[in-house]
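Peer 1: Have a look at this one.
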Amino acid sequence: MTTTETVDHNLSPLEFWAKPRQVHHETFKWLRENKPVSWHGPPEALDPNLDNAQGYWSVVKHADIREVSRNPQVFSSAEGVFLDDFPQLETMLSFIVTDAPRHTSFRNIISVAFTPKHIKKVEEDTRRTVREIIDHAAPLGEGDLCELITKEVPGRIFASFFGIADRDERQYVMDLSEQMGAWSDPEYKHIGSPLQVFADATSRLGEVALRHAKERQKKPTEDLMSWVSQAQYEGEKMTVEEVGVFFALLAGAANDTTRHSMAHVLALFDQHPDQLAYVFEDFDNRADDAVNECLRMEPPLMHFRRTAVSDYELGGETIKAGDKVVLWYISGNRDGEVFENPDTLDVTRAAKSNPHQAFGGGGPHYCLGNMLGKQMLKAEMWEIYTRMKDLKVGERTIMLSNFMNGVMKMPGTWTPEKR
Ligand code: HEM
């Protein structure tokens, strides 16, 4: 165990995460400039049942995050990927919490399912789903944009990944995905402690996923679950249980990330209408850069963690075997050595370069669904801004979390679309 002194600007207390995001950005700036690799005491847990006994290294510079992410031989994912010790969550995380060779074989099989033909099919479904959701929202003229749109879109698309056609079952899966992501939200207190809230959601979601995986393996249809069930790499297939766990993982990986990103996109363009107008002058060619720049400014996942399996020198510090190492993507994305005016939205940035780390720092665990995530965000941008004219958004309610950069509520007003 490392005996390094804990740095000022401690990221561990919950009180720190309850402060406005601006304070977090200032703290990360200080750390980047003064202590790019720093030791912090055990994180204060959201649930008293979590046993966060160990401190951790915080890695905040873009180049260091990249270096750690691309060295899985030293920095393992198999010991957990969150700042908090959360074994209940991690058993649900399928191959995110594995290293090579198991990780490589899983990832190769799943990648086989993401053929251009399948991506195209998902894109058509995504556009249709977004259109239907905006058909409902646009005539209203006001409402909570999270409830009406940002939560609804990935929830419905995610249900279609499962191939769930039944309305009630789709709603059931959407509610469970929501519960899984918002386990620390007081709204779910009636179920029990945050850990119980989470366990309840994941076990029920796991049951649905397993049942559908079994059905798809017998009788494949045209959905992501069937494609993954059928996918083979060098003669290997996933078992039906593995497919089930993978789809429960997607409830978090695909749903919450896209949901919170879209809320941030709406807030960022509310503050920068000139840049939105610029994007819409040539949407097909500029939307990709716009989405990437929003993800740089507001990555939905603030960190992922690794554990060192051997000693390693980084930023003038010796990381010892067994130490936890936390990669702060939210900080790497605003590193002034990589991004000019890092705290400013600039949708033209990509013309030079925009190597943001919202999807990770590269390496074997880089987000597998990055294309799908961006596809959903672009479809939402198009439909919202072409139909909900003069959209104005109010203050965001930010989730209390050291992991998810989540937006729970965001009121909006717009000129109602005539039915
Ligand atoms: C804006 C949307 C999204 C963001 C910002 C995001 C971000 C991330 C990040 C930061 C990681 C971890 C990278 C690492 O540790 O190096 C990750 C992993 C992953 N993401 Fe995403 N994600 C998004 C959408 C999606 C979608 C839509 C899917 C699926 C359809 C998806 C599937 C996955 C999977 C399966 C992994 C684990 C990959 C592995 O361990 O090999 N993500 N994502």
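Every number in this text was worked out from the coordinates using simple rules, so none of it is lab data. Everything quoted here is computed from the prediction, not taken from an experiment. Every residue, glycine as well, gets a Cβ built from its backbone with ideal geometry; the counts of neighbours run over all protein chains shown.
Peer 1: Can you give the helix-only mean residue ellipticity at 222 nm for the chain, where every DSSP H stretch with n ≥ 4 adds -39500 (n - 2.57) and the sum goes over all residues, rounded to the nearest 500 deg cm²/dmol?
Peer 2: -14500 deg cm²/dmol
Peer 1: How much length is gained if the chain between residue 239 and residue 128 is pulled fully straight, taking 0.36 nm per residue apart and subtracting their Cα-Cα distance, in nm to one decimal?
Peer 2: In short, 36.8 nm is gained.
Peer 1: Check which residues have an amide H placed less than 5 Å from residue 272's amide H, if you skip close sequence neighbours.
Peer 2: none
Peer 1: From the phi of every residue in the stretch 110-122, what ³J(HN,Hα) in whole Hz does the Karplus formula 6.51 cos²θ - 1.76 cosθ + 1.60 yield, where θ is phi - 60° and glycine or proline is x?
Peer 2: 5, 4, 4, 6, 8, 6, x, 5, 5, 4, 4, 4, 5
Peer 1: Taking the Cα centre of each part, how many Å lie between the stretch 330-345 and the stretch 214-267?
Peer 2: Between the Cα centre of the stretch 330-345 and that of the stretch 214-267, the gap is 33 Å.
Peer 1: In what order do 128, 419 fall by count of nearby beta-carbon atoms within 10 Å, going from fewest to most?
Peer 2: 419, 128
Peer 1: When the chain is treated as a GNM, springs tying every alpha-carbon pair under 10 Å, which of 384, 191, 65 comes out with the largest mean-square fluctuation?
Peer 2: Result: 191 has the largest fluctuation of those listed.
Peer 1: Follow-up question, since we're still on this one. Check which residues have an amide H placed less than 5 Å from residue 409's amide H, if you skip close sequence neighbours.
Peer 2: Here the answer is 397, since their amide H atoms fall under 5 Å of that of residue 409.
Peer 1: Moving to a separate point now. Near residue 52, within a Cβ-to-Cβ distance under 9 Å, what is the net charge of the other residues, with Lys and Arg +1 and Asp and Glu -1?
Peer 2: Around residue 52, the surrounding residues sum to -4.
Peer 1: Considering every Cα-Cα pair within the stretch 312-414, what fraction, in whole percent, is farther apart than 22 Å?
Peer 2: 54
Peer 1: Take the chain, connect every pair of alpha-carbon atoms lying under 10 Å apart with a spring to form a Gaussian network, then pick out the residue of 112, 59, 173 with the largest mean-square fluctuation.
Peer 2: 112
Peer 1: Count charges around residue 309 for me, please; just the other residues with Cβ under 11 Å from its Cβ, Lys/Arg as +1, Asp/Glu as -1.
Peer 2: Numbers: positive: 306, 320; negative: 79, 99, 311, 323.
Surrounding charge for residue 309 is -2.
Peer 1: Provide the per-residue ³J(HN,Hα) series for the stretch 352-362, in order, calculated from phi with Karplus coefficients 6.51, -1.76, 1.60 and θ = phi - 60°, each as a whole number of Hz, with x at glycine and proline positions.
Peer 2: These are the phi-based 3J(HN,Hα) values: 8, 5, 9, x, 5, 10, 4, 9, x, x, x Hz.
Peer 1: Averaged across orientations, what area in nm² does the convex hull of the alpha carbons in the chain project? Present the calculation step by step, with values, prior to reporting the outcome.
Peer 2: Values: hull surface 79.2 nm².
Over every viewing direction, the Cα hull of the chain projects on average to 19.8 nm².
Peer 1: Under 5 Å between amide hydrogens, which residues at least 5 positions from residue 301 or on another chain qualify, with H placed 1.01 Å from N in the peptide plane?
Peer 2: Answer set, sorted by chain and number: 405.
Peer 1: So for the chain: antiparallel DSSP bridges make up what percent, rounded to the nearest 5?
Peer 2: 85
Peer 1: Sum up the charges of everything whose Cβ sits under 12 Å from the Cβ of residue 408, counting Lys and Arg as +1 and Asp and Glu as -1, but leave residue 408 out. Could the numbers behind the result be given before it?
Peer 2: Working: positive: 151, 259, 396, 409; negative: 144, 147, 178, 185, 187, 256, 395.
That works out to -3.
Peer 1: Based on the mean of other Cβ atoms within 10 Å per residue, sort peptides 226-235, 336-345 so the most packed one is first.
Peer 2: Ranking the peptides 226-235, 336-345 by packing returns 226-235, 336-345.
Peer 1: Starting at the first residue of the stretch 242-247, write each ³J(HN,Hα) from the Karplus equation 6.51 cos²θ - 1.76 cosθ + 1.60 with θ = phi - 60°, in whole Hz, x for Gly and Pro.
Peer 2: In residue order, the calculated couplings are 5, 4, x, 5, 4, 6 Hz.
Peer 1: Continuing with the same structure: Please report, for the Cα atoms of the stretch 14-170, the Rg to one decimal and the Dmax as a whole number; what are they, in angstrom?
Peer 2: Expressed in Å, the Cα Rg and Dmax of the stretch 14-170 come to 20.8, 55.
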